[in-house]
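Single-structure report; data block below.
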Amino acid sequence: MAWLACGAVCLGQPAAPGGLVATPASPQQIILAWNDNSSNELGFQVEQSSDGIAFSAITTTSANVIAFAATNLNPAVKYYFRVRAFNGAGNSAYSKTNSATTFTPLVQWQLANFTPVLLTNAAVSGLAADPDADGMVNLFEYALNHQPLLPDNANLSSAGTETILTNSYLTLNYSRNATAIDVLFGANVSSNLTDWFSGTNVVTGPISVSTNAGLVTEKFRANAPLTSASQQFMQLTVTYNGVPNSWETGTSLPVPLVEMTSAWLGDKLYATGMYDAFNPATTSPMRVFNILSNTWTILNPERPYTGNHHAAEVFGGRLYIIGGCDANSDGKVQIYDPATNGWSLGAPMPYPAGSCASAVINGKIYVAGGLVGVISGSNNGYNTNAAAVYDPVLNSWASLPPLPVGMNHTASGTDGSKFYVFGGRAIGNAPDNGYNTVQIYDPAGNTWASSSDPGSALSPLPQARGGMGKAVYYNGEFYIMGGETVNGSGATPDHVYNRVDIYNVASNTWRLGTPMPTGRHGIYPALRGNRIYVAGGGPAAGVYYSTSFDIYILP
């Protein structure tokens, strides 16, 4: 019999820690706690992720430590964590992953100023409440860094003047809470205290003045000089706007859908999709989300050709549903007019397709690529590189030079002058890894440029994929989110993406946004104001559905 001499203790790999709990502590901090299940570790390695897929180490602790504070985080963002023990023999398995979402600055302020009991009473702690009866509701108390339970008769703002060249202008000066990044300040102007006007045509600001001890001093300046009226007045406005680069959860769809189409007309989001791929007759009716009532209803009358995989554009106060798969919707142009609550048909596309890229530029609707010959459950069709432009006024189509690389299930949009097509897949209506190609059509030159052209300087999509639906353009940048793959890198275990890639047109560069709460494909993001609305979509590659309704708050 042989004996192993190894000193006092023979080391083996330590046991994995357990019971990991992540608890938000502030807009920038999450507290982690776990169970030490080993007696021979030298310490613990803590790893963090913003998407639950790609983790990186953020600290290494000494032995017997069972807590850590993750700091320097962004507010209102969900973070994922895991922990493992280590010693000279190696690393343990990871603990189960746990996650938490950092507080918004508003929630942090409410926690600091109201007891847990008061926080349950909106009449006291709600944004519109005035619990100290000082005439300033909680939203203003928060925005201006006042105490909500202590009456405060101090002036919220002060008037001043600013001289530019030979004219003097009225100014409104105020000091705001530096942490209140989730509110918007504005100013109204009046000459009679009855009729008030706002907007960049009447007022300039906010203009930064100084920063001191958690307060930022700013001002608004009237655009009309003081000599333009016998008297001038300005009033400060505050609006809760949400935390930039974070996600909110909206009212769920009434039924789970995928292969979405959606677009805003005023206060209503018109959306539809597929909820039974093997029975096209059950394609979803058009659903309407009313942002004022926060409710979903069914549009009546229904569009003439139901189908799915439509493109959607808005022009002249009307909704244009272009092309589609199933129910003979391929190549059709279906036009909804909310003024008459009726549908009409436009001239059909030059090629009968669905899942096309589209954009409105200077009053014309451009389409490119797509799927031809799809019959759900029996025929996946084939890809096309055809492209065309529709004139809604003349109700006529003209063919365009073909898309350099034929694609379907792309993300498409416009910066107002050119037609952008990001990624997509080049096979029929079935999942694949997709492409990272960026293709741009210039109507002025009637030409295409592609990142796949030899020597092209165009920066390709950072992650190849398809199924992103729409590229939303906002403030000089395109937002491309979600998508699907077969075995591409960086996807969830269900082969979908939760990533948000942001393309800056001027610099031709990409950066990452805050990941989606749930990765999905078959989506059709729609912009309203400073928010992108993402309804439905498949949480797994292939024919899967969801009732999700997530909202991305833009910076």
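Results, tabulated for the structure shown:
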read-out: Check on Asn380, closer than 21 Å to Phe478 by Cα and either surrounded by fewer than 24 Cβ atoms within 10 Å (Cβ to Cβ) or modelled with pLDDT under 95 (or both); value: no
read-out: Criterion (without any contact (Cβ under 8 Å) to a residue 60 or more places away in the chain and acidic (Asp, Glu)) met by exactly one of Glu477, Glu484; value: Glu477
read-out: Scope the range 455-493; condition touching a Ser or Thr at 6+ places or on another chain (Cβ under 7 Å) and aromatic (Phe, Trp, Tyr); matching residues; value: Tyr473
read-out: Flag if Gly513 is within 11 Å of the chain's Cα centre (by Cα) and farther than 25 Å from Asn385 by Cβ; value: yes
read-out: Cβ-Cβ under 7 Å pairs, at least 6 apart or on other chains, the range 214-234 side among the aromatic types (Phe, Trp, Tyr), far side modelled with pLDDT of 95 or more and outside any strand (DSSP E or B); value: Phe233/Leu193
read-out: Residues of the range 315-330 that turn out to be among the small types (Gly, Ala, Ser), surrounded by fewer than 20 Cβ atoms within 10 Å (Cβ to Cβ) and closer than 25 Å to Tyr275 by Cβ, as a count; value: 1
read-out: Single residue of the range 487-506 satisfying the filter (under 22 Å from Ser548 (Cβ atoms) and in contact (Cβ under 8 Å) with a residue 60 or more places away in the chain) that is surrounded by the fewest Cβ atoms within 10 Å (Cβ to Cβ); value: Gly490
read-out: Filter result for the condition that a residue is crowded, with 17+ Cβ neighbours inside 10 Å and either of a type in the set (A, V, I, L, M) or in the same structural domain as Ala526 (by TED's automatic domain parsing) (or both), over Asn408, Asn395; value: Asn408
read-out: Yes/no for Ser417 being of a type in the set (Ser, Thr, Tyr), assigned by TED's automatic domain parsing to the domain that holds Glu477, within 30 Å of Thr509 (Cα to Cα) and touching a Ser or Thr at 6+ places or on another chain (Cβ under 7 Å); value: no
read-out: Where Val367 falls short, out of the listed (1) surrounded by 24 or more Cβ atoms within 10 Å (Cβ to Cβ); (2) more than 28 Å from the chain's Cα centre (by Cα); value: (2)
read-out: Listing of strands (runs of 3 or more DSSP E) fully contained in the range 507-555 that carry 1 or more residues being in contact (Cβ under 8 Å) with a residue 24 or more places away in the chain and hydroxyl-bearing (Ser, Thr, Tyr); value: 509-512, 531-535, 549-553
read-out: Given (1) in the same structural domain as Gly469 (by TED's automatic domain parsing); (2) acidic (Asp, Glu); (3) over 21 Å from the mean Cα position of the chain (by Cα), index of the condition Glu259 fails; value: (3)
read-out: Test: residue in the range 217-236 that is crowded, with 16+ Cβ neighbours inside 10 Å, assigned to a strand (DSSP E or B), among the small types (Gly, Ala, Ser) and in the same structural domain as Val543 (by TED's automatic domain parsing); value: no
read-out: Any chance Asp36 is farther than 29 Å from His495 by Cα, modelled with pLDDT of 95 or more and not assigned by TED's automatic domain parsing to the domain that holds Gln110; value: yes
read-out: Meets criteria (over 28 Å from Ser56 (Cα atoms) and among the small types (Gly, Ala, Ser)) for Gly469; value: yes
read-out: Index of the failed condition, Glu248 passing every other in (1) in contact with a helix residue (DSSP H, G or I) (Cβ under 9 Å, 6 or more places away or on another chain); (2) assigned to a strand (DSSP E or B); (3) among the acidic types (Asp, Glu); value: (1)
read-out: Of residues in the range 182-192 being surrounded by fewer than 19 Cβ atoms within 10 Å (Cβ to Cβ) and of a type outside the set (Ser, Thr, Tyr), the one farthest from the chain's Cα centre (by Cα); value: Asn192
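The values are calculated or read from the model by the stated rules, or taken from the named source; none is laboratory data. For clarity, every value in this text was computed on a predicted model and none was experimentally measured. A quick note on method: Cβ atoms are made from the backbone with ideal geometry, for glycine too, and the neighbour counts reach across all protein chains shown.
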